[in-house]
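Chemist: First the structure, then my questions, so here it is.
The values are calculated or read from the model by the stated rules, or taken from the named source; none is laboratory data. Everything numeric here is computed off the predicted structure, so don't read it as measured data. As a convention, Cβ positions derive from the backbone with ideal geometry for all residues, glycine included, and neighbour counts pool all protein chains shown.
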Amino acid sequence: AFAKKVAALGFNLAILGQNEERLNKTALTLHEINSQVRVITIKADLSGDPEKVTQEVIQQLEGLDISILYFNAGFGAYELAASPTENTLRQFRSNIVTHQYLFQALYPKLVKRKLNGIRRGAVLFTSSVGAYFGAPGAIVYSATKAYLGHLGECLATEAEYYGIDVLSLYPAGVNSGFAERIKNVKFPKAVEKYGQKPDNVADLALRGLGRVTRVDSGFQAIIIRIVTKLIDANVMIKLLQKVMPGFLRDMNLLPIRQTENIIE
C-alpha cells in the first residue's frame with residue numbers, strides 16, 4: 001500500500017519480496033497507477049544467510065539514488081518457546097539480523113545524499129502492536145518487532161542532524177493476508193473484523209513522516225499503548241500469565257492436556 005502511495009507521488013521504486021509472482025503483480029499495479037515511474041523488483045529471502053542476501057540486494061541497487069528506505073518486511077512464526085522449529089530462527093534472521101545488515105549498508109548512502117546542496121531523505125520501520133508486550137505464542141516475533149521499532153526511535157536522535165526523517169510505525173491488526181499465511185494458528189475472527197485496511201496504515205505513515213517519530217496505527221494500538229503506560233510492566237506480565245493457557249489453546253498452540261497441567 002505504501003508503494004502505491006509513493007508511486008502516485010512520482011517516486012521510482014525498488015521493491016523487495018520473497019514471492020516473485022506477487023512482486024511482478026505489484027510492479028504491474030504500480031505502473032498502472034503511474035506509468036512514468038521505474039519499478040525494480042528484487043527477489044530475496046531475508047530469513048536466509050544475512051551477508052549473502054545483503055550482498056545480492058546491494059548489487060541490484062548499485063548506482064541508484066535512494067531517498068526513502070522502508071524496512072517493512074516481516075516474518076511471523078507463532079509457536080511456543082518450549083517447542084520451537086527452524087521458523088523461529090528464520091523469523092529472527094528476517095526481522096532483525098538481515099534488516100540490520102541492510103540498514104548498515106544503505107543508511108550511510110542516504111546520509112551522503114544531497115539535493116540542491118541539502119541532505120535529505122527518510123527511513124521508516126514497521127514494528128507492531130505486539131512490540132508493546134510479550135504476546136504468548138509470539139514472544140520472538142514481539143521481541144523482534146520491539147527491536148525494529150526502537151531502532152527507528154533511537155536513530156531519530158542522530159538522523160535529524162543529517163536532514164533525515166525517521167518514523168517507527170506500530171500497527172495493530174492489518175488485513176494484509178499476513179495472518180492467513182501462518183497455517184498452524186487459528187486467529188480470532190475479531191482480528192479480521194477489526195483489522196485495518198493497508199491503505200489507511202500507509203496514509204498514517206506518510207502523514208506522520210517529518211512530523212513525528214512514533215505512530216500508533218489502529219484504535220487497538222492506541223488503547224494498548226495507553227494501557228502499557230498506565231500499568232506497570234510486572235503487573236502486565238502477571239496478567240498475561242493468567243490468560244496465556246486459554247489464549248494459546250484457542251489459537252491451537254497448546255494441547256488441552258498441557259493447558260490443564262499449567263492451570264494446576
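Chemist: Regarding Tyr107, is this residue under 25 Å from Gly10 (Cβ atoms), hydroxyl-bearing (Ser, Thr, Tyr) and not in a helix (DSSP H, G or I)? Give the derivation first.
Modeler: On the way: under 25 Å from Gly10 (Cβ atoms): yes; hydroxyl-bearing (Ser, Thr, Tyr): yes; not in a helix (DSSP H, G or I): no.
It is false that Tyr107 is under 25 Å from Gly10 (Cβ atoms), hydroxyl-bearing (Ser, Thr, Tyr) and not in a helix (DSSP H, G or I).
Chemist: Just give me the residues in segment 138-171 being in a loop (DSSP other than H, G, I, E, B) and under 16 Å from Asn95 (Cβ atoms), in sequence order. Full working, then the answer.
Modeler: First pass over segment 138-171, keeping only residues in a loop (DSSP other than H, G, I, E, B): 138, 163.
Ala138 - this is the single residue of segment 138-171 that is in a loop (DSSP other than H, G, I, E, B) and under 16 Å from Asn95 (Cβ atoms).
Chemist: Additional query: Of all residues in segment 134-155, count the ones that are within 16 Å of Ala172 (Cβ to Cβ), surrounded by fewer than 22 Cβ atoms within 10 Å (Cβ to Cβ) and modelled with pLDDT under 90.
Modeler: Selection size over segment 134-155: 1.
Chemist: Still on this structure: Whether any residue in segment 111-128 is under 25 Å from Lys242 (Cβ atoms) and either surrounded by fewer than 19 Cβ atoms within 10 Å (Cβ to Cβ) or in contact with a strand residue (DSSP E or B) (Cβ under 7 Å, 6 or more places away or on another chain) (or both) is what I want to check.
Modeler: Yes - at least one qualifying residue is present in segment 111-128.
Chemist: Can you go through Asn87, Asn34, Asn72 and tell me which one is in contact with a helix residue (DSSP H, G or I) (Cβ under 8 Å, 6 or more places away or on another chain) and under 23 Å from Pro171 (Cα atoms)?
Modeler: That would be Asn72, the only listed residue that is in contact with a helix residue (DSSP H, G or I) (Cβ under 8 Å, 6 or more places away or on another chain) and under 23 Å from Pro171 (Cα atoms).
Chemist: Between a first residue in segment 228-245 that is more than 20 Å from Asp216 (Cβ to Cβ) and a second residue that is of a type in the set (Val, Ile, Thr) and in a helix (DSSP H, G or I), which pairs have beta carbons less than 6 Å apart while being 6 or more apart in sequence or on different chains?
Modeler: Pro245/Thr259; Pro245/Ile262; Pro245/Ile263
Chemist: Can you name every residue in segment 46-93 that is in a loop (DSSP other than H, G, I, E, B) and of a type in the set (A, V, I, L, M, F, W, C)? Before the answer, list the steps.
Modeler: Step one: of segment 46-93, the residues in a loop (DSSP other than H, G, I, E, B) are 46-49, 62-67, 72-85.
Leu46, Leu64, Ile66, Ala73, Phe75, Ala77, Leu80, Ala81, Ala82, listed by residue number.
Chemist: Right, something else. Looking at Gln60, Gln55, Gln36, can you tell me which residue is over 21 Å from the mean Cα position of the chain (by Cα), at pLDDT 95 or above, surrounded by 14 or more Cβ atoms within 10 Å (Cβ to Cβ) and not β-branched (Val, Ile, Thr)?
Modeler: On the way: Gln55 fails: surrounded by 14 or more Cβ atoms within 10 Å (Cβ to Cβ); Gln36 fails: surrounded by 14 or more Cβ atoms within 10 Å (Cβ to Cβ).
Just one listed residue meets the conditions, Gln60.
Chemist: Would you check which residues across segment 92-149 are closer than 23 Å to Gly163 by Cβ, in contact (Cβ under 8 Å) with a residue 60 or more places away in the chain and in contact with a Leu (Cβ under 7 Å, 6 or more places away or on another chain) and list them?
Modeler: Ala122, Leu124
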